[in-house]
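Asker: Quick one: the structure is below, and I'll ask about it shortly.
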Amino acid sequence: MNEQDRKKLIAENDLRLRKRLARRNGINSGLRYFVLTFVGLLMLYPLIWLLGASFKSNAEIFTSIGFLPSSFDFSGYVNGWKTSTEYTFTTYFINTFKIVIPKVIVTVISVTLTAYGFARFKIPGKKFLFSILIATLLLPNLVLRIPQYIMFNSFNWLDSYKPLIVPSAFAVDAFFVFMVIQFMRGIPKDLEEAATIDGCNSIQVLTKILMPILKPALISVALFQFMWTMNDFLGPLIYISSVRKYPVSIALKMSMDASALVHWNQVIALSVIALVPSLVVFFLAQRHFVDGITSSGIKG
Amino acid sequence: MAEVVLKSVEKQYPNGFKAVHGIDLEIKDGEFMVFVGPSGCAKSTTLRMVAGLEDITGGEIWIGDKCVNEVQPKDRGIAMVFQNYALYPHMTAYNNMAFGLQMSKTPKNIIDQRVREAAKHLEIEDLLDRKPKEMSGGQRQRVALGRALVRKPDVFLFDEPLSNLDAKLRVSMRVRIQELHEMLKAEGVPATMIYVTHDQVEAMTMGDRITVLNAGRIMQVDTPMNLYRKPENLFVAGFIGAPSMNLVDGEIVEMGGKVFVSIPGGVLPLPEEKAEKVRSHVGKKIKFGLRPEDIIANEVHEGGEGFVTGSVRVVEQMGNEEFIYFNAAGTQFIARVNPEQVKNIRKGEDYRFWFNLAKCHMFDLETEENLTL
C-alpha cells in the first residue's frame, strides 16, 4: 500500500467515525429534548389549562378536558374585572401595590443595613445576636400571629397596611439578611479598605462600593419579597377588614364566595391577571436574579 | 514630601496576642523602604497601621510633621496598592482612578487631567473604559498603581503588590515601580514609598533601605548590600540571601596564641581581624556562618589550612552557577561555584572545600548577635 492509499483510507475511516459520532449525538440530544419537553409540558399543563380556561365560558370549563377553548370568550376578564363589589379590580391592584412597593423598598434598605452590620462591624454580642437572627428562621410564622395581632391592635394599626409593611423596616426577614450576609462575606475587604483610603465613610462604603457589587443579591431579595407579598393571603386576611382596602389576593378569594353561583371563568381570568405582575417582574430581573443566586458577584 | 516616623509602635489584639512589639523606625522623605520578613512577622500589619486601616495600641506614628494616630486614612496623605488590586469591580478603570479625587470634591477638569496623565505614564490609556474583569492581572495592577498615583500622595504604601503576578510580569512591574519612584524624584515631588514583600529579590533590588522584621520586631534596618554583607544577627544572616548562608554550630578555640574556629569537618584558623573580635569568646560555643559563594570548591586550590573535607551529595546546575551540597562530619553545607572552575565535581566523592574565612560571621548563641562586625 503506498502512502497515498494509506492516507485515503485513514481519511475515509475518519469520516465514517465522525459521521457515526454525529448520528449518535443527534439521537442522544433528540431523545434528551423529547424527554425534557414532555416533562416540561406536564409540569406546565395546569398553567396552560388555566390560561385556556380563562377564555372559556362558565359551562365549558367543567365539560371539556382540552385547554383550547371552543371560542375565545373575554367576558370572564371583563365581568371579573368589575367584580361583584362596588370596587373594580383596579382598586385591588392599586391596594396590592400600596403594600408591595413600600414593603420591597424598606426590606431592601433594612436588610442591607443589618447584613452590613453583621458582616463587617465588631459589635459586642454579635455572635449571640446572629444566632437569634438565624433562630427566627426556624420559627413558624403562625406562632407569631396572635401576639403580633394583639400588639398591632394596641397600636391602633388594624385595617391599615402598616402591620404588613412596617415590620419589614426592621429586617425581620431573617432569610434575606442571611443571604445578603453570605454575599457580603464573599466580597474582599480590600475593596472597602481602598474605599476608606479614597475617603469614604462607612455609609459611603456601603452605598458607593458594596451596594453596586451586591446588586444581584439585592435584586433577588426585592424579587422574592415582591412575589411573596403579592401572593400573601394570610397577612391581609388578618389585618385588613374593609373591602376598600383589600389587595388582589383577598379580592380573588372574595369573588369565589360573593354569591352562591361561582363564576369560575371570572375567577380563572383574574387569577391569570394576578399572575402577570410577578411574571413581568421576574422576567425583567431574571438575568440579575440568576446571577444573584449562583455567584458572589466577584471573580478573579 | 513627608518622612514617616514610627515611635515604639505596638499592636496588641483583643485576644491578648501581641503582633508588634514597639517598633522604632525612621523612613526618610522620598526614601524607598522595603519591609521584608517571613509570613506572620507583622510587616503587613505595620504597613496597615501606617495607612490607618489598623488601630495601634501603643506608640506614635508621624507622617510629615503630624502625629497621625487619630487621623483618618483619607487625611493621612497616603495611597495604597493592594496585593489583589482591590479595584472596584463595578467601575471602569477611569472611574477607579478618579474615585478618590471625586470623593475629595476635586474639580472635574483636574481629575480628568490627572487620570490621563497617570494613564499615560503607566501605558493604560486604552484601558480606561474597561472594567477590571476585562483586564489581565498585570493591567489591573497598573490601574491600581494609577489609582494611587493620581492622588499625588506624600507616601505610597505597597502591600505585596506583585505577589499575584507571574514571574515575568513581576520583573517588569518591579522595574516600573522603581521608574515611578525615580520619575517623581526627577519631577521634584519625591514620594516616600513603603513596600511590603516576602520576596527577597524584590526587597534587595527595589529598596533604598530594607527593614527586616521577625515576629513583630525589627531585626535590622540597612541598605541591601549591608544587610547581605553585615547581618547584625543570626536571623538576618539566615533570612537574606538565596541559597541562604551556611550556619553551623562551632566553637572558638585558642592554640599557641592563635585563634581557631572548630566546626564540623575541621578546625579553621581565623584571620587576625576576625580573631580579635571573638577572642573574648574563646572556649565558648558559637554559630558559624559563611555565604555559599565564600566556599571555594577547587581540587587544585593552593595549600593553606582553611578547608574541610566533605562528600558531595547533590550538584545543582543553574547554568551560570552551580550549587554543591556536601556533607562534612554529618553537617550539610552548600557552596555556590562557577561551573567554569569546577568541571570535575561528581556526586558521592570526597573533596576539599576551602572556606574564605575573611568573610565569615560568628554569632553569639544567646544574644544571636554578630560578633564579627
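Asker: Could you work out the relative contact order of chain A? I mean the mean sequence separation of Cα pairs under 8 Å and 6+ apart, divided by the number of residues, in percent. Provide the component values of the computation, followed by the final result.
Answerer: Numbers: 266 pairs, mean separation 81.6, N = 300.
In percent, rounded to a whole number, it is 27.
Asker: Just reorder B:Lys277, A:Lys19, A:Lys122 by solvent-accessible area, largest first, 1.4 Å probe, all chains present.
Answerer: Working: B:Lys277 80, A:Lys19 125, A:Lys122 200 Å².
Most to least solvent-accessible, the answer reads A:Lys122, A:Lys19, B:Lys277.
Asker: Top to bottom by accessible area (1.4 Å), largest first, where do B:Cys67, B:Cys41 land?
Answerer: The residues order as B:Cys67, B:Cys41, largest area first.
Asker: Can you find, among A:Ser70, A:Met227, A:Gly186, the residue sitting farthest towards the positive end of the charge dipole of chain A, where Lys and Arg contribute +1 and Asp and Glu -1 at Cβ?
Answerer: Going by the Cα projections, it comes out as A:Gly186.
Asker: A:Val276 accessible area, nearest 10 Å², 1.4 Å probe?
Answerer: For A:Val276, the solvent-accessible surface is approximately 70 Å².
Asker: If you don't mind, there's one more thing I want to ask. At a 10 angstrom cut-off on C-beta neighbours, averaged per residue, how do the peptides A:99-112, B:321-334 rank from highest to lowest?
Answerer: Highest to lowest by the protection proxy: A:99-112, B:321-334.
Asker: Helix B:93-103: angle to the longest alpha-carbon principal axis of chain B, degrees 0 to 90, nearest 10?
Answerer: 70 degrees
Asker: To continue, here is another question. Looking only at the range B:334-358, which residues have a backbone nitrogen under 16 Å from a spot 7 Å from the Cα of B:Lys258 in the C-beta direction?
Answerer: B:355-358
Asker: Using only C-alpha positions, report the orientation-averaged shadow area of the convex hull of the protein assembly as shown, nm², one decimal.
Answerer: 52.0 nm²
Asker: While we're looking at this one, here's another question. In square angstrom, rounded to the nearest 10, how much accessible surface does A:Tyr149 have for a 1.4 Å probe?
Answerer: It works out to around 90 Å².
Asker: I'd like the per residue volume of the convex hull spanned by the Cα atoms of the range A:3-53, given in cubic angstrom.
Answerer: Convex hull volume per residue, Cα atoms: 54 Å³.
Asker: To the nearest whole number, what is the average tally of beta carbon atoms from other chains within 10 Å of the beta carbons of peptide B:44-56?
Answerer: 1
Asker: Would you please give the residues with an amide H less than 5 Å from that of B:Leu213, counting only those at least 5 places away or on a separate chain, with H modeled from the backbone geometry?
Answerer: Long-range HN contacts for B:Leu213: B:Val36, B:Gly37, B:Met219.
Asker: At R0 = 30 Å, how high is the FRET efficiency between B:Val282 and B:Arg313 if r is their beta carbon distance? Nearest 0.05 is fine.
Answerer: For R0 = 30 Å, the calculated efficiency reads 0.35.
Asker: Now for a separate question. If we restrict to alpha carbons, what Rg and Dmax does the range B:246-364 come to, in Å?
Answerer: 14.3, 45
Asker: Can I ask one more? About the Cα centre of chain B, how large is the charge dipole given +1 on each Lys and Arg Cβ and -1 on each Asp and Glu Cβ? Please answer in debye to the nearest 20. Could the numbers behind the result be given before it?
Answerer: Values: 46 positive and 52 negative charges, 216 e Å.
Once rounded to the nearest 20, the dipole reads 1040 debye.
Asker: Here is a follow-up. Between helix B:137-150 and chain B, what is the angle of the helix's C-alpha long axis to the longest principal axis, kept within 0 to 90° and rounded to the nearest 10?
Answerer: So the helix axis and the longest Cα principal axis differ by about 60 degrees.
Asker: Let me ask something else. Which of the aspartates and glutamates could be linked to B:Lys74 by a straight reach, that is with a Cα gap under 16 Å, when you skip same-chain ones fewer than 8 residues away?
Answerer: A:Asp190, A:Glu192, A:Glu193, A:Asp198, B:Glu54, B:Asp55, B:Asp154
Asker: Which residues does the label zone of B:Ser39 cover in the range B:200-219, counting backbone N under 19 Å from a point 7 Å along Cα→Cβ?
Answerer: In the range B:200-219, the label zone of B:Ser39 (backbone N under 19 Å from the point 7 Å along Cα→Cβ) covers B:200-203, B:213-217.
Asker: Please state the charge dipole magnitude for chain A, taken about the Cα centre, from unit charges on C-beta atoms (+1 on K and R, -1 on D and E), reported in debye and rounded to the nearest 20.
Answerer: It comes to approximately 920 debye.
Asker: Which residues does the label zone of B:Val171 cover in the range B:108-146, counting backbone N under 17 Å from a point 7 Å along Cα→Cβ?
Answerer: Only B:138 pass the distance filter.
Asker: Shifting gears a bit: With all protein chains present and a 1.4 Å probe, how do A:Leu50, A:Leu284 order by accessible area, largest first?
Answerer: Working: A:Leu50 35, A:Leu284 140 Å².
I get A:Leu284, A:Leu50, largest accessible area first.
Asker: If I take R0 = 35 Å and measure r between the Cβ atoms of A:Gln182 and A:Ser160 in this structure, what FRET efficiency does the formula 1/(1 + (r/R0)^6) give, to the nearest 0.05?
Answerer: 0.50
Asker: How many Cβ atoms of partner chains, on average, are near each residue of B:102-108 if near means within 10 Å of its Cβ?
Answerer: Numbers: counts 3, 8, 2, 1, 0, 0, 0.
The mean count of partner-chain Cβ atoms within 10 Å per residue comes to 2.
Asker: May I ask you to derive the relative contact order of the range B:246-364, considering only C-alpha pairs under 8 Å and at least 6 residues apart, and to give it as an integer percent?
Answerer: 30 percent
Asker: Determine the sum of side-chain charges near B:Arg336: Lys and Arg each +1, Asp and Glu each -1, restricted to other residues whose C-beta is under 12 angstrom from that of B:Arg336. Each step should come with its number before you reach the end.
Answerer: Details: positive: B:Arg291; negative: B:Glu293, B:Asp294, B:Glu316, B:Glu321, B:Glu322.
Summing Lys/Arg as +1 and Asp/Glu as -1 gives -4.
Asker: Going by Cα centres, the range B:90-169 and the range A:139-160 are how many Å apart?
Answerer: 54 Å
Asker: At q = 0.08, 0.10, 0.14 Å⁻¹, what log₁₀ I(q)/I(0) does chain A have when each alpha carbon counts as one equal point scatterer in the Debye sum?
Answerer: Results for chain A at q = 0.08, 0.10, 0.14 Å⁻¹ read -0.57, -0.77, -1.14.
Asker: In peptide B:78-87, how many Cβ atoms from other protein chains are near each Cβ within 10 Å, on average?
Answerer: Mean partner shielding for this stretch: 4.
Asker: Over chain B, what is the mean sequence separation of C-alpha contacts under 8 Å (at least six apart), divided by residue count, expressed as relative contact order in percent?
Answerer: 15 percent
Asker: While we're on this one: Which entries of B:Lys7/B:Lys168; B:Lys66/B:Lys168; A:Lys126/A:Lys189 show an alpha-carbon separation above 29 angstrom in the structure shown?
Answerer: Where the Cα-Cα span goes over 29 Å, the pairs concerned are B:Lys7/B:Lys168; B:Lys66/B:Lys168.
Asker: Continuing with the same structure: Mind giving me the FRET efficiency for B:Glu182 and B:Asn356? R0 is 51 Å, r the Cβ-Cβ distance, nearest 0.05 is fine.
Answerer: FRET efficiency, B:Glu182 to B:Asn356: 0.90.
Asker: Heavy atoms of the protein only, probe of 1.4 Å, neighbouring chains included. What is the accessible area of B:Asp199 in Å², nearest 10?
Answerer: B:Asp199 exposes around 30 Å² with every protein chain in place.
Asker: Could you point to the residue in A:Val272, A:Gly199, B:Gly207 farthest towards the positive end of the protein assembly as shown's charge dipole, with +1 and -1 charges on the Cβ of Lys/Arg and Asp/Glu respectively?
Answerer: Comparing the listed Cα positions along the dipole, A:Val272 ranks first.
Asker: Next question. Relative to the longest principal Cα axis of chain B, at what angle does helix B:108-121 sit, 0 to 90 degrees, rounded to 10?
Answerer: Orientation of helix B:108-121: about 30 degrees from the principal axis.
Asker: Here's something else I'd like to know. Give me log10 I(q)/I(0) at q = 0.09, 0.13, 0.15, 0.22 Å⁻¹ for the range A:140-283, Debye formula, one equal scatterer per alpha-carbon, no solvent.
Answerer: -0.45, -0.79, -0.94, -1.32
Asker: Right, here's the next one. With a 1.4 Å probe, how much accessible area is buried between chains B and A, both sides summed, in Å² to the nearest hundred?
Answerer: On the way: alone 17750 and 18630 Å², together 34680 Å².
By this definition, chains B and A bury close to 1700 Å².
Asker: Please provide three numbers in whole Å: the alpha-carbon extents of chain B along the principal axes, with the largest listed first.
Answerer: Extents along the principal axes: 80, 45, 41 Å.
Asker: Taking 0.36 nm per residue of sequence separation and subtracting the Cα-Cα distance, how much length would be gained by fully extending the chain between B:Lys131 and B:Lys66, in nm to one decimal?
Answerer: 19.7 nm
Asker: Still on this structure: Roughly what % antiparallel, to the nearest 5, for the DSSP beta bridges in the range B:4-239?
Answerer: 50 percent
The values are calculated or read from the model by the stated rules, or taken from the named source; none is laboratory data. These numbers come from a predicted model, not from an experiment. Heads up, the Cβs are rebuilt from the backbone with ideal geometry, glycines too, and the neighbour counts pull from every protein chain shown. Ligands, DNA and RNA are stripped out before the accessible areas are found, and what is left, the full protein with its side chains, is counted by its heavy atoms. Shrake-Rupley method; radii C 1.70, N 1.55, O 1.52, S 1.80 Å.
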